[in-house]
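Heads up: the structure comes next, in structure tokens.
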Amino acid sequence: MKIKPYIPNDTSLAYSVGVTLDRFIKKKQDDFPFASGELSQLLRDIALAAKIVNRETNRAGLANIGGAFGHTNVQGEEQQKLDVIANIRFTRALTKGGEVCAIVSEEDDEVIDLQNSSGKYVVAIDPLDGSSNIDVNISIGTIFSIYRRVTPVGSPIQLEDIMQPGNQQVAAGYVLYGSSTMLVYTTGCGVNGFTYEQSLGEFFLSHPDMKAPLSGNIYSINEGVSNTFSQGLSDYITYCKSKNYSARYIGSLVADFHRNLLKGGIYIYPETKKNPKGKLRLLYEANALAFIAEQAGADATDGIQRILDIQPTSLHQRTPLYIGSKSMVDEALSFISKKSSVQENH
Ligand code: AHG
Ligand code: MN
Ligand code: MN
């Protein structure tokens with residue numbers, strides 16, 4: 001019997017499909033000899049739910065799952081059917097694996113205690129971000145944060161397990177259901193992006209070690225409410241225009257953030273008269289994206305302090321958010337710190 005060594009095939013005939021998310025997660029786990037594999041399983045559970053939500057999103061115009069659900073959530077916002085569906089899908093996926101003890105979701109008023117005190121992790125999630133864009137076929141997303149509980153495994157969960165600042169996240173990520181579907185995540189060792197290959201049903205590594213440009217020329221803000229911006233912020237927007245920056249605002253945070261991460265830019269959701277503390281939620285929107293931003297060399301602040309250092313005081317608390325390329329965030333801060341009060345001339 002002859003044995004011949006394997007020589008890789010000609011890639012011009014059959015291109016390599018690359019590294020699957022599963023394999024990547026496994027490889028990363030092997031880098032930590034004492035890792036138990038639970039976080040890896042948790043990430044896989046999230047990826048599975050993301051595939052299901054991707055399927056639902058893609059047929060939203062066909063199946064009767066578009067439009068309002070007929071209920072408002074604790075934020076006073078009208079829930080869309082897909083908000084509710086995504087919440088069920090992710091909650092179910094996180095329940096099945098056994099790694100999670102509690103979930104904080106935008107769509108649930110209270111903390112969901114999974115009655116699984118042996119679970120090590122707490123997850124905060126925005127199951128469907130940008131849901132006002134569902135019915136008009138524009139990119140939407142999912143955002144998640146993962147924390148290790150601080151009270152002993154085996155004991156009932158406590159508030160301190162939930163109310164952790166963003167700097168305690170062990171992993172965070174987002175899924176973008178866009179022109180292609182991507183999952184981007186970090187465990188604190190850089191950021192990696194995976195693109196979903198629909199026909200194979202797998203996420204493949206497409207954006208290894210993502211780094212945000214230090215600067216850029218995109219600013220993303222809802223200028224429709226600019227009459228209540230602080231003077232400093234108005235001055236910054238005038239400055240962006242004087243530099244001929246491009247205004248780009250999708251109205252889905254994940255999509256706006258992702259574009260700016262790749263191209264260089266700043267996303268701002270400031271305090272306004274209608275939303276004096278900003279609109280975005282600290283626990284399941286700002287923290288995850290701030291962690292990813294920092295890991296990619298970008299920045300995130302509420303205008304005064306680093307997002308990741310904010311000590312949460314309530315579950316659905318909101319925060320102003322200035323996030324994106326480092327030098328643009330610095331520049332914005334230099335304007336807003338000069339004149340910061342929200343204008344009353346609405
Ligand atoms: P969600 O759909 O999860 O409630 O989030 C909507 C958020 C965010 O995605 C987006 O950037 C922002 O709301 C848009 O708000 P405005 O319409 O006030 O600009
Ligand atoms: Mn959201
Ligand atoms: Mn949402």
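The values are calculated or read from the model by the stated rules, or taken from the named source; none is laboratory data. Fair warning: this is a prediction, and the values are worked out from it, not measured in the lab. Using ideal geometry, Cβ is built from the backbone for each residue, glycine included, and neighbour counts are taken over all protein chains shown.
Exactly one condition in (1) under 30 Å from S40 (Cβ atoms); (2) in contact with a Cys (Cβ under 6 Å, 6 or more places away or on another chain) is not met by G201; state its number.
Looking at each condition in turn, G201 falls short on (2).
Just to check your reading of the model, which residue among F257, F291 is within 15 Å of ligand 3 (Cβ to nearest atom) and under 23 Å from Q168 (Cα atoms)? Reasoning before the result, please.
Working: F291 fails: within 15 Å of ligand 3 (Cβ to nearest atom).
Answer to the check: F257.
Can you name the residue in segment 123-170 that is among the acidic types (D, E) and away from ligand 1 (no atom under 16 Å from the Cβ) and, of all such residues, is nearest to the chain's Cα centre (by Cα)? Write out each step before concluding.
In the first step, residues of segment 123-170 are kept if they are among the acidic types (D, E); the result is 126, 129, 135, 160-161.
Cutting the leftovers down to away from ligand 1 (no atom under 16 Å from the Cβ) gives us 160-161.
Numbers: E160: 22, D161: 20 Å.
Across segment 123-170, the extreme among qualifying residues is D161.
When you go through F229, F194 one by one, which is the residue that is closer than 22 Å to A172 by Cα, aromatic (F, W, Y) and touching a residue at least 60 places away in the same chain (Cβ under 8 Å)? Lay out the reasoning, then the answer.
Numbers: F229 fails: closer than 22 Å to A172 by Cα.
Being closer than 22 Å to A172 by Cα, aromatic (F, W, Y) and touching a residue at least 60 places away in the same chain (Cβ under 8 Å) holds for just one of F229, F194, which is F194.
Name the residue that is farthest from I304 (Cα to Cα), counting only residues in segment 231-250 that are surrounded by 19 or more Cβ atoms within 10 Å (Cβ to Cβ) and out of contact with any helix residue (DSSP H, G or I) (no Cβ under 6 Å at 6 or more places or on another chain).
Out of the qualifying residues, it is C240.
So, in segment 90-110, how many residues would count as being surrounded by fewer than 19 Cβ atoms within 10 Å (Cβ to Cβ) and more than 16 Å from ligand 3 (Cβ to nearest atom)?
The initial filter retains those residues of segment 90-110 that are surrounded by fewer than 19 Cβ atoms within 10 Å (Cβ to Cβ), namely 92, 95-98, 108-110.
If we keep only those that are more than 16 Å from ligand 3 (Cβ to nearest atom) too, we end up with 92, 95-98, 110.
Total meeting the criteria: 6.
For segment 127-170, enumerate the residues that are hydrophobic (A, V, I, L, M, F, W, C) and either closer than 13 Å to L283 by Cα or surrounded by fewer than 22 Cβ atoms within 10 Å (Cβ to Cβ) (or both).
V136, I138, I143, F144, I146, V150, V153, I157, L159, I162, M163, V170
Check whether at least one residue in segment 259-267 is away from ligand 1 (no atom under 13 Å from the Cβ), within 26 Å of D161 (Cα to Cα) and of a type outside the set (A, V, I, L, M, F, W, C), and report yes or no. Step through it out loud before you land on a result.
Here is the first cut: in segment 259-267, the residues away from ligand 1 (no atom under 13 Å from the Cβ) are 261-266.
With within 26 Å of D161 (Cα to Cα) added as a condition, the list becomes none.
Scanning segment 259-267, I find no residue that is away from ligand 1 (no atom under 13 Å from the Cβ), within 26 Å of D161 (Cα to Cα) and of a type outside the set (A, V, I, L, M, F, W, C), so the answer is no.
Could you list, in sequence order, the residues of segment 277-302 that are touching an Asp or Glu at 6+ places or on another chain (Cβ under 8 Å) and of a type outside the set (A, V, I, L, M)?
Hits for segment 277-302 are K277, G278, R281, Y284, E285, D299.
Suppose we filter Y269, Y249 for residues that are within 13 Å of ligand 2 (Cβ to nearest atom) and either without any contact (Cβ under 8 Å) to a residue 60 or more places away in the chain or in contact with a Pro (Cβ under 6 Å, 6 or more places away or on another chain) (or both); which single one remains?
Numbers: Y249 fails: within 13 Å of ligand 2 (Cβ to nearest atom).
Checking each option against the conditions leaves just Y269.
For A35, which of the numbered conditions (1) without any contact (Cβ under 8 Å) to a residue 40 or more places away in the chain; (2) within 26 Å of T181 (Cα to Cα); (3) part of a loop (DSSP other than H, G, I, E, B) fails to hold?
A35 satisfies every listed condition except (2).
Scan the strands (runs of 3 or more DSSP E) fully inside segment 77-147 and keep the ones with 3 or more residues being touching a helix residue (DSSP H, G or I) at 6+ places or on another chain (Cβ under 9 Å) and modelled with pLDDT of 95 or more.
Working: elements: 78-80, 100-105, 121-129.
Hits in segment 77-147: 100-105, 121-129.
Looking only at segment 16-32, how many residues end up being surrounded by fewer than 16 Cβ atoms within 10 Å (Cβ to Cβ) and in a helix (DSSP H, G or I)? Steps first, please.
First, the residues of segment 16-32 that are surrounded by fewer than 16 Cβ atoms within 10 Å (Cβ to Cβ): 16-18, 22-23, 26-27, 30-32.
After this cut, where a residue has to be in a helix (DSSP H, G or I) as well, the list is 22-23, 26-27, 30.
Final tally of qualifying residues: 5.
Which members of segment 251-266 meet the condition of being of a type outside the set (F, W, Y), closer than 14 Å to G324 by Cβ and either surrounded by fewer than 24 Cβ atoms within 10 Å (Cβ to Cβ) or touching a strand residue (DSSP E or B) at 6+ places or on another chain (Cβ under 7 Å) (or both)?
Our first condition is that a residue be of a type outside the set (F, W, Y); within segment 251-266, this holds for 251-256, 258-266.
Within this subset, residues satisfying the condition of being closer than 14 Å to G324 by Cβ are 253-256, 258-266.
Within segment 251-266, L253, V254, A255, D256, H258, R259, N260, L262, K263, G264, G265, I266 qualify.
What are the residue pairs meeting all of these: first residue in segment 97-122, first residue within 16 Å of N87 (Cβ to Cβ) and within 16 Å of ligand 1 (Cβ to nearest atom), second residue assigned to a strand (DSSP E or B) and of a type in the set (D, E), Cβ atoms under 9 Å, and 6 or more apart or on different chains?
I103/D113; S105/D126; E106/D126; E106/D129; E107/D126
Only one residue in L282, L253 is closer than 29 Å to I162 by Cβ and touching a helix residue (DSSP H, G or I) at 6+ places or on another chain (Cβ under 7 Å), so which one is that?
Values: L282 fails: touching a helix residue (DSSP H, G or I) at 6+ places or on another chain (Cβ under 7 Å).
The unique qualifying residue is L253.
Which fully enclosed strands (runs of 3 or more DSSP E) of segment 150-208 have 2 or more residues being of a type in the set (S, T, N, Q)?
On the way: elements: 169-177, 181-186, 191-197, 202-207.
Ranges flagged: 181-186, 191-197.
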